[in-house]
Amino acid sequence: MWRKSKADLAFDTINIIIMLLSALIFIYPIYFILIASFSDPNLVNTGKVLFVPKGITFIGYKKILANDSIWLGYRNTIIYTTLGTFINVFLTITSGYVLSRKDLIGRNVILFFFTFTMFFSGGMIPTYMLVKSLGITNTVWAMVLPNAMSVWNMMIAKTFFSTSIPDELLEAAFLDGCGNLRFFSLIVLPLSKAIIAVMVLFYAVAHWNSFFNALIYLESQTKYPLQLVLRNILLVNQMNDASMLDDISAVIERQKLAELLKYGIIIVSSVPILILYPFIQKYFVRGVMIGSIKG
């Protein structure tokens, strides 16, 4: 058996140390937020909570989960994320595939117009006026249609198709009597699981964390997504009621609750995405590498 030299062992050791330190740097902030969300805020603020939770309390989570608007926000966000991601992925994959075809007439002109929108846009006010003129303000469509496709993601998908779907495969399919639609649905899509998983993750995370569009386009609080609901809860609890200023203890308790809510809100809003990622991690890594480096 081949035995590693001292130089190889030293190299492997250094790599392991660097990777462990990197993992600690990335994982510790999440771990700290988790333990701080059910630790005594006074101990957290004085730096006594570093690795082990102290003064355990679940008041923050009780306040968050007892709020009916949280569950309504979860429902709305799931709807916006599911519908929006489906529209995003459908448009991105189909556009990327079509633009990857060398036999598309005017492909370079179409690509120019797509690329142009990456650097120049109408801005927030013209976009709002367009959404309002379409009559979709305060509807679910205002949350999914204005950002129906990312040109950058479409470029990644286009590169993936250009490098992963050989022209010979298309020619062989045509010789067997296969049309464009059938070729795309029966051959291209099954071979594109990696890039589809990448697009799903990119778009789902963007929709899940989005609150600015809701702030602009939505008027009814019953349609607010989770992030906007959590933002409002946090802002309300950070505001000190003028009638409480004379009661110092009440102000302190309110500030402690605001600290618990701050950390608890981060955990509540991040858990679904953290659960989703491990299931598509292998596709995510492979799809990003193929779609962004090759070609």
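Residue pairs whose Cβ atoms lie under 6 Å apart, sitting 6 or more positions apart in sequence or on different chains, and linking a residue in region 1-21 that is on the phi > 0 side of the Ramachandran plot and among the polar types (S, T, N, Q) to a partner that is loosely packed, with under 10 Cβ neighbours inside 10 Å and modelled with pLDDT of 90 or more, do not occur here. The set of residues in region 168-196 that are part of a loop (DSSP other than H, G, I, E, B) and modelled with pLDDT of 85 or more contains only 189. Exactly one residue out of 149, 199, 143, 154 is crowded, with 18+ Cβ neighbours inside 10 Å, part of a loop (DSSP other than H, G, I, E, B) and modelled with pLDDT of 85 or more: that is 149.
Of all residues in region 157-167, how many are surrounded by fewer than 16 Cβ atoms within 10 Å (Cβ to Cβ) and part of a helix (DSSP H, G or I)?
Applying the first criterion (surrounded by fewer than 16 Cβ atoms within 10 Å (Cβ to Cβ)) to region 157-167 yields 163, 166-167.
Within this subset, residues satisfying the condition of being part of a helix (DSSP H, G or I) are 163, 167.
Selection size over region 157-167: 2.
Check whether at least one residue in region 121-138 is over 30 Å from residue 222 (Cβ atoms) and of a type outside the set (Lys, Arg), and report yes or no. Yes, the conditions are met somewhere in region 121-138. In region 158-173, the residues that are at positive phi form no Cβ pair under 6 Å with any partner that is open to solvent by 40 Å² or more (accessible area, probe 1.4 Å) and basic (Lys, Arg), whether six or more places apart or across chains.
Which ones in region 24-35 are aliphatic (A, V, I, L, M) and either open to solvent by 40 Å² or more (accessible area, probe 1.4 Å) or touching a residue at least 60 places away in the same chain (Cβ under 8 Å) (or both)?
Step one: list which residues in region 24-35 are aliphatic (A, V, I, L, M), which gives 24-25, 27, 30, 33-35.
The answer is 24, 25, 27, 30, 33, 34.
The values are calculated or read from the model by the stated rules, or taken from the named source; none is laboratory data. It should be emphasised that the depicted structure is a prediction, and the values quoted were computed from it without experimental measurement. Quick reminder, even Gly has a Cβ in these numbers, built from the backbone with ideal geometry, and neighbours come from all protein chains shown. Just the protein is used for accessible areas: all its heavy atoms, side chains included, with ligands, DNA and RNA removed. Shrake-Rupley method; radii C 1.70, N 1.55, O 1.52, S 1.80 Å.
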